[in-house]
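Colleague: First the structure, which I've put down as structure tokens, then a few questions once you've had a look.
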Amino acid sequence: LYKGQDMVTVEEVLTARQRKEFIDFPIKLYKGNEYYVPMLRSGEKLIFKADYPYNKVCDVVFYNAYKDGKIVGRIQGIIQRMANEKWGQKRVRFTRFDAINDVEVSDALFDAVVNWGKAKGMDELVGPLGYSDLEREGLLIEGFDQPQTFEEQYNYDYYATLIENRGFVKDVDWIEYKLYYPKVYNEKLKTVSNQLMEKFNLKMVRAKSVKEFIEVYAKPVFEMIEITYSKLYGTMPLTDEITDMLINDFKKIVRIQDIVQVLDKDGNVVAFALMFPSVSDAVRKSKGRITIPFFFRFIKAKKHPKVMDLGLIGVRPDYEAKGVAIAMISELIDYMKELKLDYLETNLMLEDNAHIHNILKHFDREQLKRRRCYKLEINGKENK
């Protein structure tokens with residue numbers, strides 16, 4: 001597909017050998033890195049299948065880069081048709097970009113995706129962005145000395161230089177926090193929370209079992225995710241098949257006590273919070289393989305967490321104005337105390353999402369990381 005002056009070649013991933021190289025490459029690239037957490041290999045194998053739920057609503061391509069016969073980089077291109085239709089865009093996304101610190105290698109990988117996207121009528125290349133905003137996204141540009149959550153990705157600091165060298169510019173930034181139990185607890189928070197719940201005839205519930213959550217609350221919670229996150233950057237509608245897949249993935253790592261729903265008087269979900277025990281160490285030590293030692297570490301992490309990942313939190317728009325987010329934050333603070341957690345770690349929050357940043361002011365917090373999504377015009381002269 002592409003040959004550079006120093007014998008850099010890029011090949012589309014089509015064979016079993018190439019797929020294995022694509023999956024294995026970042027494991028080798030980050031060998032010995034104490035912050036990197038790989039994706040589960042079993043899950044990564046699925047993205048190559050035509051019947052993978054996301055692939056039914058996307059066009060995808062995968063490339064490996066080789067130099068002197070050795071793999072030195074990889075990248076995936078995604079045309080998320082539902083997102084493009086929703087936002088009125090012609091964007092191709094890049095994700096799973098990993099490479100050695102070599103401009104020719106990275107340029108060759110980006111050139112391959114640019115040419116693929118242009119051939120399909122796209123006019124922008126953006127990323128790192130996965131199939132949806134519920135996947136790993138954003139390039140780490142601050143916080144390289146911080147452990148990564150399982151839900152997000154880690155990358156070397158030179159990635160930004162490689163990407164910017166190709167002409168990419170900032171599109172959006174996200175930030176992440178550590179949230180600590182407040183040193184000075186505002187008792188009024190609990191009082192206001194109780195008053196709001198009583199005034200609007202609301203109740204906070206946790207399902208009694210995973211079975212009950214799946215049967216009663218899972219679909220309403222994902223409908224709430226659709227409602228509360230739909231206006232955020234890069235979001236796309238979730239098909240029933242994608243929702244079912246995500247529910248199946250979530251139930252493998254969540255504990256039922258870590259999922260909170262707020263119900264109105266008719267039993268409708270109007271707010272929710274999803275937390276996950278941090279399983280980063282278990283996945284890192286197993287190199288993404290599901291092994292017997294992995295299961296022991298995974299179960300231990302789930303039983304006795306000292307750190308929790310705050311995966312998702314949402315309040316239906318008509319209840320945001322009623323202050324119901326205060327009740328959710330009060331519940332999270334109480335839960336931190338009950339479990340004696342060292343801290344909660346947030347996942348991505350857009351830097352200009354004033355609403356969520358204002359909510360989190362009730363915790364003692366520390367900004368940990370910053371991630372960036374880049375964009376590149378691909379229909380200009382420089383890309384012809």
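The values are calculated or read from the model by the stated rules, or taken from the named source; none is laboratory data. The shown structure was predicted, so the numbers you read here are calculated from the model rather than taken from an experiment. Glycine also receives a Cβ, built like all others from the backbone with ideal geometry; neighbour counts cover every protein chain displayed. Surface areas here come from the heavy atoms of the whole protein model, side chains and all, with no ligands, DNA or RNA. Shrake-Rupley method; radii C 1.70, N 1.55, O 1.52, S 1.80 Å.
Colleague: Can you list the lysines whose alpha carbon is less than 19 Å from that of residue 361, not counting same-chain residues fewer than 8 positions off?
Modeller: Residue 361 reaches 178, 183, 188, 190, 322, 337, 369.
Colleague: Given that just one value was derived from the coordinates, which of (i) 1.20; (ii) 1.02; (iii) 1.13 is Cα Rg over 2.2 N^0.38 Å?
Modeller: (ii)
Colleague: Another one. For a quick protection proxy, order the peptides 339-349, 170-180 by their average other-Cβ count within 10 Å, most packed first. Walk me through the numbers on the way to the answer.
Modeller: Values: 339-349: 20.3, 170-180: 18.5.
Result, highest mean Cβ count within 10 Å first: 339-349, 170-180.
Colleague: Over the Cα atoms, compute the radius of gyration (one decimal) and Dmax (the largest Cα-Cα distance, rounded to a whole number) for the stretch 43-116, in Å.
Modeller: Answer for the stretch 43-116, Rg first and Dmax second: 13.6, 43 Å.
Colleague: In addition: With only Lys, Arg, Asp and Glu charged, each at its Cβ (+1 for the first two, -1 for the last two), find how big the charge dipole of the stretch 1-107 is about the Cα centre; round to the nearest 20 debye.
Modeller: The calculation lands at about 440 debye.
Colleague: Something else now. From the helices alone, meaning DSSP H stretches of at least four residues, give me the mean residue ellipticity at 222 nm for the chain, per-run term -39500 (n - 2.57), in deg cm²/dmol to the nearest 500. Show your work: numbers first, answer last.
Modeller: On the way: 13 runs with 135 residues, N = 384.
For the chain, the value works out to -10500 deg cm²/dmol.
Colleague: Using the Kirkwood radius over C-alpha pairs as Rh, can you work out the diffusion coefficient of the stretch 24-151 via Stokes-Einstein at 25 °C, viscosity 0.890 mPa s, in µm² per second? Present the calculation step by step, with values, prior to reporting the outcome.
Modeller: Numbers: Rh = 15.7 Å.
My calculation gives 157 µm²/s for D.
Colleague: Need one number: nm distance between label points at residue 247 and residue 201, each 7 Å from Cα along Cα→Cβ, rounded to one decimal.
Modeller: 2.8
Colleague: Expressed as a rounded percentage, what relative contact order does the stretch 116-176 have, with Cα pairs under 8 Å and six or more residues apart?
Modeller: Working: 40 pairs, mean separation 13.8, N = 61.
With pairs under 8 Å counted, the relative contact order is 23 percent.
Colleague: May I pose another question? State in Å² the accessible area per residue of the stretch 148-203; use a 1.4 Å probe, count heavy atoms of protein chains only, and round to the nearest integer.
Modeller: Numbers: 2940 Å² over 56 residues.
I get 53 Å² per residue for the stretch 148-203.
Colleague: I'd like the Karplus ³J(HN,Hα) series for the stretch 203-217: coefficients 6.51, -1.76, 1.60, θ = phi - 60°, whole numbers in Hz, and an x wherever there's a Gly or Pro.
Modeller: Computed from phi, the couplings for the stretch 203-217 are 9, 9, 10, 10, 5, 7, 7, 4, 4, 5, 4, 4, 6, 9, 10 Hz.
Colleague: What is the local net charge at residue 175, summed over the other residues whose Cβ is closer than 13 Å to its Cβ (Lys, Arg +1; Asp, Glu -1)?
Modeller: Numbers: positive: 178, 365, 369, 370, 371, 372; negative: 142, 152, 173, 176, 345, 351, 352, 366.
Net charge in that neighbourhood comes out at -2.
Colleague: I would also like to ask the following. For a protection proxy built on the mean count of beta-carbon atoms within 10 angstrom, sort 123-131, 300-308 highest first, please.
Modeller: Details: 123-131: 22.9, 300-308: 15.9.
The packing order, highest mean first, is 123-131, 300-308.
Colleague: Separate question: Put +1 on the Cβ of every Lys and Arg and -1 on every Asp and Glu Cβ in the chain; which of 209, 347, 332 then has its Cα farthest towards the positive end of the dipole?
Modeller: Of the candidates, 209 comes out farthest on the positive side.
Colleague: Going through the stretch 42-112, which trypsin sites (Lys or Arg not before Pro) have at most 13 other Cβ atoms within 10 Å and a DSSP loop state?
Modeller: Details: sites: 45, 49, 56, 67, 70, 74, 81, 86, 90, 91, 93, 96; in loops: 49, 90.
Hits after loop and neighbour filter: 49.
Colleague: Let me ask another. In debye to the nearest 20, how big a dipole does the chain give about its Cα centre with +1 on each Lys and Arg Cβ and -1 on each Asp and Glu Cβ? Before the final figure, lay out each step's value.
Modeller: On the way: 61 positive and 58 negative charges, 208 e Å.
Charge dipole of the chain: 1000 debye, to the nearest 20.
Colleague: Moving to a separate point now. Please name which of 270, 64, 288 has its Cα lying farthest along the dipole of the chain towards the positive end, using unit charges on Cβ (Lys, Arg +1; Asp, Glu -1) and the Cα centre as origin.
Modeller: The residue sitting most towards the positive pole is 288.
Colleague: For labels at residue 170 and residue 68 in the simple 7 Å Cα→Cβ model, what's the distance in nm?
Modeller: Result for the modelled spin labels: 3.8 nm.
Colleague: Tell me, in nm to one decimal, what length is gained between residue 351 and residue 157 on full extension, where the rule is 0.36 nm per residue of separation less the Cα-Cα distance?
Modeller: 67.8 nm
Colleague: What ranking do 244-255, 264-275 get when scored by the average of other Cβ atoms within 10 Å per residue, highest first?
Modeller: Numbers: 244-255: 15.5, 264-275: 17.8.
Ranking, from highest mean packing down: 264-275, 244-255.
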